[in-house]
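Below is one structure, written out as structure tokens, with a few remarks after it.
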Amino acid sequence: MPLLLVLGFSPVLDSILVALNIFSQEQMNEYAKTAIRTNVPVAMFISTFVAIAFEMIRYKSVVDTLNSIMIFFKGMGNLFVITVSLIVCGQVFAEGLLNVGFVDILINFAKDLGFGAFAIIVFVSMLLAISAFFMGSGNAAFFSFAPLIPNIAKSFSLDTITMIAPIQIMTGFGRCVSPIAPAILAISAMAKVNPLQVVKRTAIPMLVATITNIICTYIYL
């Protein structure tokens, strides 16, 4: 339901309708002026209230329903604390690296060895993928190194988005093979299997995705 709400009330749907020639571009422009838009938090809360309504029908008790929904809010709180703490620590770490001149050392070292922008992107991508694996969070790993990327990109005369996009994608791949990632733990709990069994099944697709990401980065550069 959150996915349907986000895509159904977004410019993505407008683009699909135009591509299918269901409505003309002029009609879609008029629609876009008054269209209702939603974002992920709003979609999540709408879906939660719909779930509460169905749970009330199932339990036939307001108290039991609210007790069951508390799991949702406790989970939000726990993940918020863990993720934000990792991001804050990562940003402090990144600021420290900037202050000691780590970026300049890395750039000069890469240039002395004859490495170009592609080699730096691959190196940083692998570094953050490994960090995401150990942290269990792609965002925490990414935000810990993201402040360094603009300076590195500038030294190689690249747009920041050109360098940061493949790196951010790689952190997602690292999280998908982490046995301590919240999503992996949740899936393994529902399936009643060891998280390592889930990771074994995600490792091969993520390896293929990693190779594809590196190839596309090379082609784009």
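The values are calculated or read from the model by the stated rules, or taken from the named source; none is laboratory data. In this text, all values refer to a predicted model and were calculated from it rather than measured experimentally. Here the Cβ positions follow ideal geometry from the backbone for every residue, glycine too, while neighbour counts run over all protein chains shown. Each accessible area value is taken on the protein alone, full model and side chains, heavy atoms only, with ligands, DNA and RNA left out. Shrake-Rupley method; radii C 1.70, N 1.55, O 1.52, S 1.80 Å.
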If I filter the range 109-131 for residues that are assigned to a helix (DSSP H, G or I), of a type outside the set (A, V, I, L, M, F, W, C) and either modelled with pLDDT under 75 or surrounded by fewer than 19 Cβ atoms within 10 Å (Cβ to Cβ) (or both), do I get at least one hit? yes
Given the structure, is Gly174 touching a Ser or Thr at 6+ places or on another chain (Cβ under 6 Å), of a type outside the set (A, V, I, L, M, F, W, C) and either open to solvent by less than 10 Å² (accessible area, probe 1.4 Å) or without any contact (Cβ under 8 Å) to a residue 12 or more places away in the chain (or both)? no
Exactly one of Pro147, Pro179, Pro195 is surrounded by 15 or more Cβ atoms within 10 Å (Cβ to Cβ) and either small (Gly, Ala, Ser) or closer than 20 Å to Phe102 by Cβ (or both), and that residue is Pro147
Condition first: over 18 Å from Leu5 (Cβ atoms), of a type in the set (S, T, N, Q) and not in a helix (DSSP H, G or I). Now tell me which residues in the range 23-66 satisfy that. Ser24, Ser61
Going by the conditions given, is Thr38 closer than 30 Å to Phe73 by Cβ and hydroxyl-bearing (Ser, Thr, Tyr)? yes
From the option list Ile46, Ile16, Ile52, Ile69, single residue qualifying as surrounded by 11 or more Cβ atoms within 10 Å (Cβ to Cβ), touching an Asp or Glu at 6+ places or on another chain (Cβ under 8 Å) and among the β-branched types (Val, Ile, Thr) is Ile69
